[in-house]
1. Label points 7 Å out from Cα along the Cβ direction at residue 1 and residue 222: separation in nm?
2. Tell me the relative contact order for the chain as a rounded percent, counting alpha carbon contacts under 8 Å between residues six or more apart.
3. Please give the peptides 62-74, 197-209 ranked by average Cβ packing (other Cβ atoms within 10 Å per residue), highest first, as a rough proxy for protection.
4. Once you sort the root eigenvalues of the Cα gyration tensor of region 8-204 as a ≥ b ≥ c, which label holds: rounded (a/c under 1.5), prolate (a/b larger than b/c) or oblate (the other case)?
5. Assuming 1.306 mPa s and 10 °C, estimate D for the chain with Stokes-Einstein, Rh taken as the Kirkwood radius over Cα pairs, in µm²/s.
6. Take each of the peptides 115-123, 489-497, 536-544, average the number of other beta-carbon atoms within 10 Å over its residues, and list them starting from the highest.
7. Can you give the calculated 222 nm mean residue ellipticity of the chain, where each DSSP H run of n ≥ 4 adds -39,500 (n - 2.57) and the sum is split over every residue, rounded to the nearest 500 deg cm²/dmol?
8. Students often check this: by mean Cβ neighbours within 10 Å, which of 359-368, 187-196, 334-343 ranks highest, and how do the rest follow?
């Protein structure tokens with residue numbers, strides 16, 4: 001009977017230039033579902049301890065979920081590898097149409113080993129797989145490479161992922177461009193792809209994805225679409241995408257300003273939804289099977305940076321390349337974001353690194369090059385650093401391309417006080433002073449500082465209730481139990497590889513109904529919390545194996561030492577005592593020891609002590 005899986009992984013060995021399809025074992029589907037679950041288990045089994053993330057022994061995986069490429073709304077795919085930026089487990093999620101095409105070609109995922117002897121790209125057309133030379137494509141931007149690969153294979157409708165010059169140069173926060181305006185952005189998966197001499201992957205499939213019970217699945221999907229249509233939060237995303245979060249974040253006092261010196265920006269509205277509607281938006285677009293349509297396609301039509309097409313400048317990019325750098329011309333922010341996309345840089349980390357560099361220049365630690373001003377508010381300085389990092393044009397670019405953690409270590413002095421990262425991953429655009437639950441989420445996220453591993457802002461300052469009760473501001477007590485529940489649910493639904501926005505509209509019951517009908521495995525609404533706890537502990541096992549313990553579950557010094565100078569949370573910080581208490585409480589609830597290691601009792605409860613090993617190789 002059909003179960004919505006394609007039943008096989010495509011294994012690629014670039015060193016030997018061999019490929020083969022291997023079965024997806026039933027135990028892997030039963031215990032880890034797909035997406036993040038597959039990635040958590042496979043990375044642990046396939047990558048030896050201590051592996052150099054940029055060495056041939058690391059693997060790069062593109063993984064789907066059981067509902068990817070079906071009528072279920074807003075299902076995506078993810079890239080999984082060991083992060084070169086942090087050394088942790090890394091998954092990075094992306095929308096668009098590349099993920100569904102993996103399943104149409106007959107696979108539940110692509111697992112890439114080794115390193116090619118020369119620049120290459122993959123061309124996958126159903127069961128036919130070719131490793132082709134990329135000599136004339138290497139050195140181009142992400143979008144140029146996309147067009148050149150499609151021209152080379154003579155398949156304009158193929159779906160393509162590429163890296164830009166930053167990935168080729170193994171910039172530690174380089175991304176993978178997954179068709180236009182969709183990226184696997186965080187943690188440096190693009191550098192891993194570049195280290196393998198892999199410029200891109202093109203894929204086109206003709207298979208049909210079958211579900212177990214078509215009638216029940218159709219009914220569940222119709223219910224899901226109805227819930228999304230009735231969701232006010234989803235309607236907000238349809239109207240302006242995440243750009244509307246800029247004025248809201250500023251109002252509640254969480255918007256980073258001038259490298260997080262403050263969390264309030266007096267000019268924030270200029271780069272939010274109203275500013276973008278005025279200067280950028282022209283029409284809407286959507287990812288595969290997505291009724292939300294958060295993309296706001298447009299163009300910069302006036303001003304110094306005019307005459308290029310752009311998508312929405314998402315909240316994180318607008319905040320970190322805008323407010324965080326004290327830049328408020330939304331057309332300039334769109335320009336900087338576009339540069340990052342074309343070179344293949346994570347715009348979030350880039351904004352964090354540039355903010356660090358501007359502050360270091362203000363403090364006299366680094367010098368502005370001749371003709372360039374490295375200072376807050378200076379678009380030319382930001383442009384210079386983006387190009388320098390991506391193309392490795394000078395020593396400053398090479399230093400900063402390693403991320404703020406390594407750069408501050410190299411520069412020394414007190415630069416660590418304003419290097420804004422957790423475990424090496426630059427902070428997202430939600431300042432946690434005044435929101436202790438968000439701080440705990442950053443501390444404990446499996447890939448470093450991440451707002452997508454438990455968005456506690458709603459409970460901390462957004463008015464969300466927990467078990468029918470309001471959450472008292474600023475208290476650390478009780479934050480851990482809320483966060484653990486959020487993280488479990490997110491990890492469980494990330495095994496489906498859902499878009500985060502669907503959780504604003506869809507109930508757990510609806511997710512369960514779609515999964516049950518698609519796979520033939522009956523599950524209840526609490527299934528995602530149960531499977532999510534297992535997956536979360538599996539990623540923790542990986543990180544612990546690689547040396548990450550309690551000492552690494554901490555926040556940047558600025559959040560610990562410096563109180564906010566202004567805004568709604570003036571005078572607030574997250575002290576060392578606050579962190580120590582929340583960490584202990586979190587570990588207790590998780591069933592981890594004082595160093596953050598899952599106990600044997602926890603592993604036994606979750607069945608992780610007896611999980612089989614995935615032993616297949618190319």
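1. For residue 1 paired with residue 222, the spin-label model returns 2.2 nm.
2. Details: 1460 pairs, mean separation 99.3, N = 618.
Relative CO of the chain lands at 16 percent.
3. Working: 62-74: 27.1, 197-209: 21.2.
Going from most to least packed, we get 62-74, 197-209.
4. Numbers: a/c = 1.39, a/b = 1.12, b/c = 1.24.
Taking the square roots of the gyration eigenvalues as a ≥ b ≥ c, region 8-204 is rounded.
5. Working: Rh = 24.1 Å.
So the translational diffusion coefficient is about 66 µm²/s.
6. Details: 115-123: 19.0, 489-497: 26.1, 536-544: 22.0.
Highest mean packing first, the order is 489-497, 536-544, 115-123.
7. Details: 24 runs with 240 residues, N = 618.
Counting only the DSSP helices, I get -11500 deg cm²/dmol.
8. On the way: 359-368: 16.6, 187-196: 29.5, 334-343: 24.3.
So the order, starting with the most tightly packed, is 187-196, 334-343, 359-368.
FYI, it's all coordinate maths here, none of it is from the lab. Small disclaimer: the values here were computed from a predicted structure and weren't measured. Because the Cβ atoms are built from the backbone with ideal geometry, glycine has one as well, and the counts that use them run over all protein chains shown.
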